[in-house]
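Accompanying notes for the structure given below.
Please treat every number below as a calculation from the coordinates, not as lab data. Just so it is clear, the structure is predicted and the values come from calculations on it, not from any experiment. Note that each Cβ is placed from the backbone with ideal geometry, even for glycine, and that neighbours are counted across all protein chains shown.
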Amino acid sequence: MERQIKKVLILGSGALKIGEAGEFDYSGSQALKALREEGIKTVLINPNIATVQTSEHIADKIYFLPVTPYFVEEVIKKEKPDGLLLSFGGQTALNCGIALYKGGILEKYNLKVLGTPVQAIIDTEDREIFVGKLGEINVRTPRSIACTTIKEAVVAAGELGYPIIIRAAYTLGGQGSGFCTTNQELETLASKAFSYSNQILVEESLKGWKEVEYEVVRDCYDNCITVCNMENFDPLGIHTGESIVVAPSQTLTNAEYHKLRRIAIEIVRHVGIVGECNVQYALDPFSEDYRVIEVNARLSRSSALASKATGYPLALVAARLSLGYGLHEIRNEITKETSAFFEPALDYVVCKLPRWDLNKFTGVNREIGSSMKSVGEVMSIGRTFEEAIQKGLRMIGLGMHGFIGNKEVEFEDVTYELNHPTDIRIFAIAKAFNEGWSIEQIYEQTKIDLWFLYRLKNIFDYGEEISTFNNFQELPD
């Protein structure tokens, strides 16, 4: 452990925005709890009073100030902390930490960044450096070109060929991202993306591939474990925060699972992460071909889901790892029996369903895509996918009875609804089954993996069977 660390400054979660689900408040609160248990004084900067981490007795001292380099430097000057934690406040904290590092502020006050080094954060956030870094260990990434002007983006699209996807660097929730098929669409979207970041990545489109994530933990002794892997119900093209997510993955072969796990660990070791990291893949549904599309060197929405799904306290463990502990030295707070070096094994299925409030906005486009519109999420647990998805759909707060039996949901054109994903597309699938569509026909329109469609068909078939009975007494045991 870092024995000389007596006081730590944590950059907090900041304002809640569309594109977040309270995950940074969760991770920051857990980190503050871990530091308090270690007897370390904590100073928190967070302008949002409506959070758990700004409650009484969580941090020793709280500054309700914007998480910007100017205000953070003023707090550093006054409090003189020994260490700084960046990875528990989301994208805002990371961007602020990078600015402090590049501006020489950290060096000026001899302030040590705990856990993942700032250079490792830059390596994962700067899209051009990220591609080069993974290329050093022969890890595949989408063909891409980093651009700083719209003119460069148009030239890059010409080299790669349409369709392409635009991603903005240093952003959260897929802000400024989207798919383009023409120069006109590209110029419009690039203009929007540059309002979020001064660098964008023009990237080959992998729309229709599976999207899979791994949560990896590494300590300063180079020990690594994967805590959980997750799979999106929707194919690539819909942001993870907009998609139903299933943990553990259900459609990967054993070879695919272990191949992606091995690559995730190689990436985390090569980049030099200390703490928790999220690795996102695109996986070709017809081969073992893959691309690494993102590496988050911070606690994320997926980290919060993985913690709750597995019972592995990721944020608590990551905070202690940042102090120099090894995985073998940390006790799992949940099991009270095992160390943090044990990988969780799940004998149940977890579903995460996004929650949208699009009805509150007049004239808003209901279609979902590569940038987030959801404002929260629900997690459900079941012995089977069918049980978990039914629970989640009932809990989401839309007044639904589950996958089927929602007579108030009407669709004028089912084909269009399946082709153009919205916040209620899953109910369009139920409508398609009701109209006699086959699983293969629905797959052609949605590219949702056949495994998931067969499970949804099971629910539909059970509903049809139950509807043949007139009362509960007639139901078989």
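Over segment 210-346, one equal point on each Cα, no solvent: what is log10 I(q)/I(0) by the Debye formula at q = 0.17 Å⁻¹?
-0.86
For the cross-link pairs K192/K308; K77/K112; K308/K391; K7/K308; K352/K457, which exceed 25 Å when the distance is taken from alpha carbon to alpha carbon?
On the way: K192/K308 35 Å; K77/K112 14 Å; K308/K391 16 Å; K7/K308 29 Å; K352/K457 20 Å.
Violating the 25 Å Cα-Cα cut-off are K192/K308; K7/K308.
For a protection proxy built on the mean count of beta-carbon atoms within 10 angstrom, sort 375-387, 195-207, 400-412, 308-320 highest first, please.
Details: 375-387: 16.5, 195-207: 19.2, 400-412: 14.4, 308-320: 24.2.
Output ranking for 375-387, 195-207, 400-412, 308-320: 308-320, 195-207, 375-387, 400-412.
Could you work out how far the C-alpha centroid of segment 410-448 sits from that of segment 280-313, in angstrom?
When both Cα centres are located, 27 Å separates them.
Between segment 38-82 and segment 213-262, how far is it from one alpha carbon centroid to the other, in angstrom?
The two parts, judged by their Cα centres, are 33 Å apart.
Output the 0 to 90 degree angle, nearest 10, between the alpha-carbon long axis of helix 425-434 and the longest principal axis computed from the alpha carbons of the chain.
The helix 425-434 is inclined about 20 degrees to the chain.
Using +1 at the Cβ of each Lys and Arg and -1 at the Cβ of each Asp and Glu in the chain, identify which of Y290, F71, I265 lies farthest towards the dipole's positive end.
F71
Taking K and R as +1 and D and E as -1, what net charge do the other residues with C-beta under 14 Å from the C-beta of V216 add up to? It would help to have the intermediate numbers written out before the result.
Numbers: positive: R218, R261, R262, R269, R298; negative: E213, E215, D219, D222, E266, E276, E294, E343.
Residues close to V216 contribute a combined charge of -3.
Mind checking segment 318-351 for GluC sites (Glu not before Pro) that DSSP puts in a loop (not H, G, I, E or B) and that have at most 13 other Cβ atoms within 10 Å? Present the calculation step by step, with values, prior to reporting the outcome.
Numbers: sites: E329, E333, E337; in loops: E333, E337.
Answer by residue number: E337.
Based on the Cα gyration tensor of the chain, what are the three equivalent ellipsoid semi-axes, each the root of five times an eigenvalue, rounded to whole Å and given largest first? Intermediate results must be reported in sequence, preceding the final value.
Details: eigenvalues 287, 147, 91 Å².
That gives 38, 27, 21 Å for the three semi-axes.
Angle between the Cα long axis of helix 254-271 and the longest principal axis of the chain, 0 to 90 degrees, nearest 10?
So the inclination is approximately 20 degrees.
Enter the angle in degrees (range 0 to 90, nearest 10) between the Cα long axis of helix 183-193 and the first principal axis of the Cα atoms of the chain, meaning the one along which they spread out most.
50
Relative contact order for the chain: what is it in percent, counting Cα pairs under 8 Å that are at least 6 residues apart?
Numbers: 938 pairs, mean separation 66.2, N = 477.
Relative CO of the chain lands at 14 percent.
Could you work out the local net charge near N110, counting Lys and Arg as +1, Asp and Glu as -1, over the other residues with Cβ closer than 11 Å to its Cβ? Let's see the in-between values first.
Details: positive: K80, K108, K112; negative: D82, E107.
Counting the neighbours of N110, the net charge comes to +1.
Please work out the C-alpha center-to-center distance from segment 131-203 to segment 332-364 and express it in whole Å.
Segment 131-203 and segment 332-364 have Cα centres spaced 30 Å from each other.
Starting with the fewest neighbours, write out S243, S27, S87, S191 ranked by other beta-carbon atoms found within 10 Å of each beta-carbon.
S191, S243, S27, S87
Let me spell out the model: positive unit charges on the Cβ of Lys and Arg, negative unit charges on the Cβ of Asp and Glu, origin at the Cα centre of segment 258-344. What dipole size does that give, in debye rounded to 20?
Values: 11 positive and 10 negative charges, 40 e Å.
So the magnitude is around 200 debye.
What does the charge add up to near F411, with Lys and Arg as +1, Asp and Glu as -1, over the other residues with Cβ less than 9 Å from its Cβ? Don't skip to the end; give the middle numbers.
On the way: positive: K431; negative: E410, E412, D413, E417.
Net charge in that neighbourhood comes out at -3.
Dipole magnitude of the chain about its Cα centre, charges +1 at Lys/Arg Cβ and -1 at Asp/Glu Cβ only, in debye to the nearest 20? Display every interim value, and only then the final one.
Details: 49 positive and 64 negative charges, 375 e Å.
Here the chain has a charge dipole of around 1800 debye.
Suppose we keep just the DSSP beta bridges with both residues in the chain; what percent of those would be antiparallel, to 5? Working shown, then result.
On the way: 48 of 62 bridges.
Beta bridges within the chain, antiparallel portion: roughly 75 percent.
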